[in-house]
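Novice: What follows is a single structure, and I will ask about it in a moment.
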Amino acid sequence: DTAVSQTPKYLVTQMGNDKSIKCEQNLGHDTMYWYKQDSKKFLKIMFSYNNKELIINETVPNRFSPKSPDKAHLNLHINSLELGDSAVYFCASSQDSGLAEETQYFGPGTRLLVL
Amino acid sequence: QKEVEQNSGPLSVPEGAIASLNCTYSDRGSQSFFWYRQYSGKSPELIMSIYSNGDKEDGRFTAQLNKASQYVSLLIRDSQPSDSATYLCAVFEGSNYKLTFGKGTLLTVNP
């Protein structure tokens with residue numbers, strides 16, 4: 001009964017490949033997020049969706065494309081992978097996006113290594 | 001560029017001592033403040049949130065907020081080896097619905 005789940009947990013791939021990471025939450029939340037945590041542990045927001053609508057789109061390469069088929073799922077597709085894409089990608093969710101008191105719940109992370 | 005600054009550490013304290021973690025933020029419009037704990041290889045988990053000036057206590061944890069100084073801190077009393085982790089300060093900016101994280105402080109509690 002994991003609240004926020006991600007697949008795969010580990011992803012090792014070659015430069016230039018295209019890969020997807022999937023995220024699902026069973027908390028009934030309206031908002032989902034993708035974060036990237038680099039090797040120095042810096043956690044940075046990439047995208048956020050509220051009820052399938054994109055509300056945060058940080059300055060990330062357009063090789064990264066999020067997709068939300070429904071409010072319980074937010075997937076991340078990455079085209080033409082580069083060495084610098086190696087990081088841990090965390091999915092998170094919260095009940096709402098605009099309330100200051102909202103807690104974000106994080107998934108277990110996907111460790112991506114690009115060779 | 002809105003920033004959240006933390007001392008990266010490592011901060012090392014003996015078991016039973018008080019660990020003090022500090023965070024400053026640049027955006028005066030920030031509305032709410034969070035402390036997340038992240039064990040090595042795991043995901044961040046929320047341990048404290050604070051929204052108004054003053055202190056907020058929860059068990060061994062106390063969060064302190066001073067909006068005038070743009071400063072938020074976390075005190076951990078009676079530190080335990082199981083508290084050894086990276087502590088992430090996060091600030092919610094209501095204007096853009098974004099949670100901005102600091103780079104984290106690595107805390108080590110020595111038995």
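Novice: Can you tell which of A:E24, A:E53, A:E102 shows the greatest fluctuation in a Gaussian network model of chain A with Cα springs below 10 Å?
Specialist: In this elastic network of chain A, the residue with the biggest mean-square fluctuation among A:E24, A:E53, A:E102 is A:E102.
Novice: Something else about it: Among A:N79, A:Q37, A:Q14, whose Cα lies farthest out toward the positive end of the dipole of the protein assembly as shown, if unit charges sit on the beta carbon of Lys, Arg (+1) and Asp, Glu (-1)?
Specialist: Farthest towards the positive end: A:Q14.
Novice: Going through the cross-link list A:K71/B:K67; A:K19/A:K40; A:K19/A:K52; A:K40/B:K98, which pairs have a Cα-Cα distance over 26 Å in this structure? Don't skip to the end; give the middle numbers.
Specialist: On the way: A:K71/B:K67 35 Å; A:K19/A:K40 23 Å; A:K19/A:K52 21 Å; A:K40/B:K98 21 Å.
Going by Cα-Cα distance, A:K71/B:K67 fall outside the 26 Å limit.
Novice: Buried accessible area between A and B (1.4 Å probe, both chains summed, ligands and nucleic acids excluded), in Å² to the nearest 100? Mind dumping the intermediate values first?
Specialist: Details: alone 6550 and 5970 Å², together 10780 Å².
The summed interface area works out to 1700 Å².
Novice: Using only Cα atoms, locate the centre of segment B:54-99 and the centre of segment A:1-63, then give the distance between them in Å, rounded to an integer.
Specialist: 25
Novice: Suppose each label sits 7 Å from its Cα in the direction of the beta carbon; what would the B:Y51-A:Y10 distance come out to in nanometres?
Specialist: 4.2
Novice: Please enumerate, by chain and number, the aspartates and glutamates with C-alpha under 19 Å from the C-alpha of A:K67, excluding those fewer than 8 residues away in the same chain.
Specialist: Straight-line reach from A:K67, under 19 Å: A:D18, A:E24, A:D30, A:E53, A:E58, A:D85, A:D96.
Novice: Please state the equivalent ellipsoid semi-axes for chain B: what are the square roots of 5 times the Cα gyration tensor eigenvalues, largest first, in whole Å?
Specialist: Three semi-axes, in Å: 23, 15, 12.
Novice: Which whole-number percent gives the relative contact order of chain A, counting Cα pairs below 8 Å spaced six or more residues apart? Walk me through the numbers on the way to the answer.
Specialist: Details: 287 pairs, mean separation 41.8, N = 115.
Relative contact order, chain A: 36 percent.
Novice: Relative contact order of chain B, please, whole-number percent, based on alpha carbon pairs below 8 angstrom and at least 6 residues apart. Can you show the working numbers first?
Specialist: Numbers: 282 pairs, mean separation 42.0, N = 111.
Answer for chain B is 38 percent.
Novice: Over segment A:44-99, what is the relative contact order in whole percent, taking alpha-carbon pairs under 8 Å and six or more residues apart?
Specialist: Values: 51 pairs, mean separation 13.7, N = 56.
That works out to 24 percent.
The values are calculated or read from the model by the stated rules, or taken from the named source; none is laboratory data. Computed from a predicted model, the values in this text were never measured in an experiment. Counting neighbours? That spans all protein chains shown, and the Cβs are built from the backbone with ideal geometry, glycine included. For accessibility, only protein heavy atoms count, side chains too; no ligands or nucleic acids. Shrake-Rupley method; radii C 1.70, N 1.55, O 1.52, S 1.80 Å.
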